[in-house]
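What follows is a set of notes on a single structure, which appears directly below.
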Amino acid sequence: MSATSTAGTPGTPDPGATRRPSVGLDDPRLKDRSTSRTYAALALIVALLAVLPLLLDEQTEAVAIRTLIFAILAVGWNLMSGYGGMFSFGHAAFFGIGAYTDAYLLVEHGVSPWISMLVGATISAAAGTLIAFLCLRYRLAGAYFALATFAFAQVFLLAVQNLDFLRRTEGFNVPLLLEDSWSMMQFEQGSPIYFWIPLAVLALGLFGTVAFVNSRAGQYVQAVRDDEVAAASLGIRVMRYRLVTVALSCAFTSLAGAFYTQYYFFVGPEQAFGSGVSVNAIVPAVIGGIGTVFGPLVGALVVGPLSEWIAQILRDPPESLAFLQGVTGLDVAIYAALLVLIVLFMPKGIYGTLRDRFRS
Amino acid sequence: MTLLHVESLTKTFAGLTAVRDVDVDVTDGEFLGIVGPNGAGKTTLFSLLAGQLEPTRGRVVFDGQDITGWGPAKVASVGLVRTFQLMRPFESMSVLDNVAIAAHGRHRSRKAARRAALEVIDRVQLDRYVHSPSGSLPTAGLKRLELARALALEPRLLLLDEVLAGLVPAERAPMIELLREIHADGMTVMFVEHIMAAVMALSERLLVMAEGAELALGDPHEVITDPRVVEAYLGEDYA
Amino acid sequence: MTTSPTATDPGGPTIVEPDRERRSLKLPAAPLFVLAAVVVALALVYTVGQRETGLVTQSVATGLLLGGVYALVSVGLTLIFGVLGIVNFAQGAMLTMAMFLVYEMSTSGGIPVYVATLLAVPVMFLFGVLVQATLLNKLTMAGNEEGPLLITLGLSLLIVNVLLMIFGGRPLRVPGSVSGRVEILDAIMSYERLIAFGGALLVAGALTLLLRGTSFGLSIRAVSANTQGASLVGVDVSRVYALTFGIGSACVAVAGGLMAPFLSLTPSVGEQFTILAFVIVVLGGLGNVAGAVVGGLIIGLVQTVGALYLPGTGSLILVFGVFVLVLFFRPQGIFGATR
Amino acid sequence: MKKVSLAAAFAASALALSACGGSGSSGSADGEIMIGAVHPLTGALAGVGSLMNNGAQMAVDDINAAGGIEALDGAQLTLGEGDSKGVADSGQSEAQRLISEGAVALVGTYQSDVTANVSAVAERSGVPLVIDVAVDDSILEQGYQNTFRIQPNATSMGTDGAKALIALAEANDEPIESVSYIHIEGAFGQSVFDAFAEEAEANGVEVLEEVTYPGTNFTDATTQVREAAAADPDVIVATGYYPDSLLIAQAVEALGPDVDAVYGVANGGFDDGAFPGDAGQAGNQVLSANYHYAATDERVQDIRTRFEEEYGKPMETASMLSYQAVVVIAQALEEAGSDDPEAVREALAGIEVDDPLLAFDGPITFDETGQNENATVIVMQIQDGEVEQVFPEDFTTSEPVYPTNR
């Protein structure tokens, strides 16, 4: 039928190879400068942050550690919701799984938190994958997806409150040790190690995010986020790569939960699975800029200390504001107003907006 | 050798038949044009072949393998790849990344995929835009990007859905030339298009559809003068 | 940022998702099916439920009255969610705000509670219009889903804490209005709750009239069905958005006023309703007023009758179970048309 | 470039914070002794939290006005205020802040979960925590050396509540044979109930029905009360917080079951000063077994009068406990003759505070777990819109009405 039908080799057609010179291995356009720049910037940031606990007093360190927990949560959330395009309003579920796995294994079986972290991450990834599979299988998206994840997190909360082996509403106390122990992740109060552990986790998350975003799976899931139908028509297994992303996100988020239990020595259902935790995962990422590497970090650095700052100022107000002293609720009100303003005037988040301005 | 065998393929939506009993065989290396008035079921046919839609009835055999009811990703991975009439770039990504994503289907390592993608980009003459955000491309560029992504998958059979639509006449000629080259390299193509000049210039065979059904199939010049075809097109603008 | 690809729009106009197609054909049967399921479930509880009949009747009555309260909170939300696509997390806080407004009017101003409720309606309406016009409109028009969610989240924190600054956190009580109760079929019902129930039906009826019978209602429905199309035929979309949010807020004012007599008022009292209201709205179908009423009644029943067997939070697990099932198998809700 | 500015921002924030932190700690330098108070000053529990903070502040003011800590040359006390926001991690970081600013002892925190966190901080820092309100038994079961509790725990309130009810009924010639029990879900409600049930059964009183309800999304108690009443008990017993207890009282009034009394145990509503007004007729003659300020004590009356003048709100029992906690710490400082936290802890462990401001069996003394051994409950009853103490006789402000003529 066709005159040229013999030109192609059936099975392995390679339309480009015979006609044009191939692109050389050292083609300058293949160099990925922005990725190496990002790695370098991350390394610098982590190195700078690592010095902080040596400079901070104990209370400021506590705020900084809380900020790191915020950042870990937001980085985890950002993988699934920012890069994966699946807006989760239920990340408390995965934080909670991490926190409770750690608490349960430690208190009931004396298992080292390091092992519990891995166990928790595995359970969390499995649970997240199952939830996401159900939601995606039934084609939930956007606000519906968010509400469904929210509902699942609520079910986890209610379930824990009704399960005897998880001590219902009573929660778990981490037994105090008399001396520092690496294997039990317990150190003197105010020890810089309490800062370095979450910093290391955060660094893992940030570097991991960059690596993932540039990997085949990461590229695929971003393609799916941008256009699911087009991605599928290019041979991308939509469900598979979405679930891979969800699993990573959930596993990582659970690490924050495990550290939370270790650092705060107590965890109860509300601390682990309350809807406030989900909000804590979302707000920093959105304020910083979702779907960006640095956004969650920037957002956490704003949100983490923000309420503390306001509370500090109110505790010892300048004279002009003295009338506000002792008024309850003001610090959260200001915090809320700031949240609204940032979302309103910087819809891409602080980092996203600045980056765009910088580029143009 | 028959690359694609389609047998009484039918799709109904809520009682409305969009594609009705289409039978067509495509030979390896062939360039098959498909024309028909709006709503004739051409795009639906592509969606059925590429797995976006599940047929109500009928069979699709690709390269000897029954692929009826397969999902789009699985169909694409065996070498049957389509483009979309409405361009669907991954807007947050550069042109290179857009194409590299497709090339990943053939190359596991990121480096190899990007290299293969660059080759395709050079080939479709998008080299000026390698690192541009795909959302910033003009229409002609988007059409080429759509084509490049499909080519990067190194398909056996390429389904092109109105790759010329929206281009000004001056942009059409180089695109037609590009398609001719791709075909000359041995690519099997199914080509849905409204612009008859291009269809006539490229097609080796022509399939005319109307109201979801096959109206005529055969040599383009014979088919186009078929009275039934002329009737179906009466009042249609096919300049 | 990019909005996530929605399942309801899987591609070009020619691509129709087959499952959804089949579902829509069942549509008229769904409300009947749900009604039948509720009746059968109740019949089972009465016959083989091993609970005293009077107790079951009481729980059904309580459940229906509670459902009325839920419906009252949900009708405003369903309108906002359905028309604007906004997940309004401030709904509960706005409810609280309305309650405190009524509280303030009736304690400081000596105005009877139900009169104060009527006065609160225009205030909350204006508040809603203002919120939409100043805070949400830009994002809503841009089709941004996460932005409004976060703004309403922030707004909810703001309202709760401003109320806290003004009124403190001690539970407050609106002075009694219509005390007393009535006994129907061995079930006790207080007048205050019956009035709230009646109010729910009244509000739902009024809203339905507004949506079906006025030209403004027509433009709301047009915007809800197809924003672009509506703006093409000359509907001022941002005005409709603002007024819709205002109406949604006005509904909350009625809800707050009618609920204030039987709840202890704290700045966080309304928030517990937010989540349930979303369950109800999804259950009933987005933007569907009748659906919100029926959804409210069902959730009320599930919670109270369910509590006979799964006390405490167990009944809430049931509620969320229903929610997830509906999301999966009937995302358009019981009364919803195909999205 | 942008990344550098980001790091700089963080560094600046850190500096700002440490500057703030530094200015706060200057307090202890000029002969003042700081006591840290951690309460929910914002959030859902802000109302009671601020009252408790006020109670602690008033105690500090009173002690300072009376000459400060004599053993330390009349050193003045200051109160470091911490806001737990009602959540555990804030509670913990506030406790850490107060300790790092030089607090010699902590008072707090109202919620059991927050208290669990703060007690871990106290233990690790070696700074004593005197719990004013937090009921869960488990807090003192961790083997901590630095945590003390003035109020009775859940279990002892359940036990004492049962004893008091049986005794009250005996004394009024209407012996009790059976009860139905309605309680809130969770550790608090469950442990009070379990202890009550055990004590009641041991005394031949049958618990016919246990009805639980959730702490959230609970806006109508009619079904629960009806379920409890259906078993035809002599008394309906209830344990919960304020809003839910109010709902229960209203439901009891609406249903009008034929019972001798409605009796709260460790109930957060029935003996609250606002309850008679809020509940109206529904609250009339409701009984409540709870820890309570000693209304018969003149000092208590004086403190309450001044509190209301100062803060414009009546002083509830929780506030009085915060006041009491500061008084206990002050006495420990006197006995230790030192503001070293370890010395204060030692003093607390062996302390004996006579004339407690609460209606207790005896002086405040702590057992080896840190629990006040003489903490107990008394029975109150709402009569003519007032909360009256009706049992045992030592504390009565009015005669009990039993069975109630509802």
Of the numbered conditions (1) of a type in the set (S, T, N, Q); (2) surrounded by fewer than 24 Cβ atoms within 10 Å (Cβ to Cβ); (3) farther than 28 Å from A:Q161 by Cα, A:T245 fails exactly one; give the number of that condition.
(2)
Can you tell me how many residues in segment B:202-219 are at pLDDT below 90 and under 21 Å from B:P169 (Cβ atoms)?
0
Selection status of C:R173, in contact (Cβ under 8 Å) with a residue 24 or more places away in the chain and more than 21 Å from C:G128 (Cβ to Cβ)
yes
C:I195 being surrounded by fewer than 22 Cβ atoms within 10 Å (Cβ to Cβ), within 13 Å of chain D (Cβ to nearest Cβ) and in contact (Cβ under 8 Å) with a residue 40 or more places away in the chain:
no
Hey, B:R149 at pLDDT 90 or above and more than 7 Å from chain A (Cβ to nearest Cβ) or not
no
Subset of segment D:140-168 (residues that are part of a helix (DSSP H, G or I) and charged (D, E, K, R))
D:E141, D:D160, D:K163
Which of (1) within 15 Å of A:G235 (Cβ to Cβ); (2) more than 10 Å from chain A (Cβ to nearest Cβ) is the odd one out, the single condition B:L167 does not satisfy?
(1)
What are the residues in segment A:92-131 that are in contact with a Phe, Trp or Tyr (Cβ under 6 Å, 6 or more places away or on another chain), within 14 Å of another protein chain (Cβ to nearest Cβ) and open to solvent by less than 30 Å² (accessible area, probe 1.4 Å), if any?
A:A92, A:A93, A:G96, A:A99, A:A103, A:I131
Which fully enclosed helices (runs of 4 or more DSSP H) of segment B:126-239 have 3 or more residues being under 18 Å from the mean Cα position of the chain (by Cα)?
B:139-152, B:169-184, B:196-202
Of those in segment A:136-167 that are more than 7 Å from chain C (Cβ to nearest Cβ) and among the basic types (K, R), the residue surrounded by the fewest Cβ atoms within 10 Å (Cβ to Cβ) is A:R137
Quick one: is D:E342 open to solvent by 30 Å² or more (accessible area, probe 1.4 Å), assigned to a helix (DSSP H, G or I) and not assigned by TED's automatic domain parsing to the domain that holds D:A164?
yes
Enumerated helices (runs of 4 or more DSSP H) restricted to segment A:22-117, each holding at least 3 residues that are under 17 Å from the mean Cα position of the chain (by Cα)
A:58-77, A:92-109
Residues A:G205, A:G289: which one is touching a Lys or Arg at 6+ places or on another chain (Cβ under 6 Å) and either within 22 Å of A:R355 (Cα to Cα) or open to solvent by less than 10 Å² (accessible area, probe 1.4 Å) (or both)?
A:G289
Which residue is nearest to the other protein chains (Cβ to nearest Cβ), if the candidates are limited to segment C:323-339 and must be surrounded by fewer than 19 Cβ atoms within 10 Å (Cβ to Cβ) and at pLDDT 75 or above?
C:F328
Assess whether A:A272 counts as being buried (at least 24 other Cβ atoms within 10 Å of the Cβ), more than 14 Å from chain C (Cβ to nearest Cβ), among the hydrophobic types (A, V, I, L, M, F, W, C) and more than 20 Å from D:H39 (Cβ to Cβ).
yes
A:S181 passes all but one of (1) among the polar types (S, T, N, Q); (2) farther than 22 Å from A:G299 by Cβ; (3) in contact (Cβ under 8 Å) with a residue 60 or more places away in the chain; which number fails?
(3)
Within segment D:295-328, tally of residues that are within 18 Å of D:E373 (Cα to Cα) and either open to solvent by 10 Å² or more (accessible area, probe 1.4 Å) or at pLDDT below 90 (or both):
1
How do the pairs read when you match residues in segment B:112-137 that are surrounded by fewer than 22 Cβ atoms within 10 Å (Cβ to Cβ) with residues anywhere that are among the acidic types (D, E), using Cβ under 6 Å and keeping only pairs 6 or more apart or on different chains?
B:G135/B:E91
Are there any pairs, at least 6 apart or on different chains, whose C-beta atoms fall under 8 Å, with the first in segment D:200-220 and without any contact (Cβ under 8 Å) to a residue 12 or more places away in the chain and within 7 Å of chain C (Cβ to nearest Cβ) and the second open to solvent by 10 Å² or more (accessible area, probe 1.4 Å) and outside any strand (DSSP E or B), and if so, which?
D:T216/C:Q272; D:N217/C:Q272; D:N217/C:Q303
When the residues of segment C:148-189 are filtered to those that are of a type in the set (S, T, N, Q) and open to solvent by less than 30 Å² (accessible area, probe 1.4 Å), which remaining residue is nearest to the other protein chains (Cβ to nearest Cβ)?
C:N161
Just give me the residues in segment B:9-49 being closer than 24 Å to B:I195 by Cβ, of a type outside the set (V, I, T) and not in a helix (DSSP H, G or I), in sequence order.
B:A18, B:G29, B:E30, B:F31, B:L32, B:G33, B:G36, B:P37, B:N38, B:G39, B:A40, B:G41
Please count how many residues of segment C:47-56 are more than 16 Å from C:V302 (Cβ to Cβ) and either surrounded by 11 or more Cβ atoms within 10 Å (Cβ to Cβ) or within 14 Å of chain D (Cβ to nearest Cβ) (or both).
5
For segment B:49-74, enumerate the residues that are more than 10 Å from every other protein chain (Cβ to nearest Cβ) and open to solvent by less than 10 Å² (accessible area, probe 1.4 Å).
B:L49, B:V60, B:F62, B:I67
What pairs can you find where one residue is in segment A:231-249 and within 13 Å of A:F212 (Cα to Cα), the other is aromatic (F, W, Y), and their Cβ atoms are less than 6 Å apart, with a gap of 6+ or different chains?
A:Y241/A:Y220
Since D:A251 meets every condition but one in (1) in contact (Cβ under 8 Å) with a residue 60 or more places away in the chain; (2) not in a loop (DSSP other than H, G, I, E, B), which condition does it not meet?
(1)
From the list D:E206, D:E170, which one is in contact with a Ser or Thr (Cβ under 8 Å, 6 or more places away or on another chain) and surrounded by fewer than 21 Cβ atoms within 10 Å (Cβ to Cβ)?
D:E206
When (1) over 14 Å from D:D260 (Cα atoms); (2) charged (D, E, K, R); (3) open to solvent by 20 Å² or more (accessible area, probe 1.4 Å) are applied to D:D220, the one that fails is (3)
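The values are calculated or read from the model by the stated rules, or taken from the named source; none is laboratory data. What you are looking at is a predicted structure, and each value in this text was computed from that prediction instead of being measured. Cβ sites come from the backbone with ideal geometry, for glycine too, and all protein chains shown count toward neighbours. All accessible areas refer to the heavy atoms of the entire protein, side chains included, with ligands and DNA or RNA removed. Shrake-Rupley method; radii C 1.70, N 1.55, O 1.52, S 1.80 Å.
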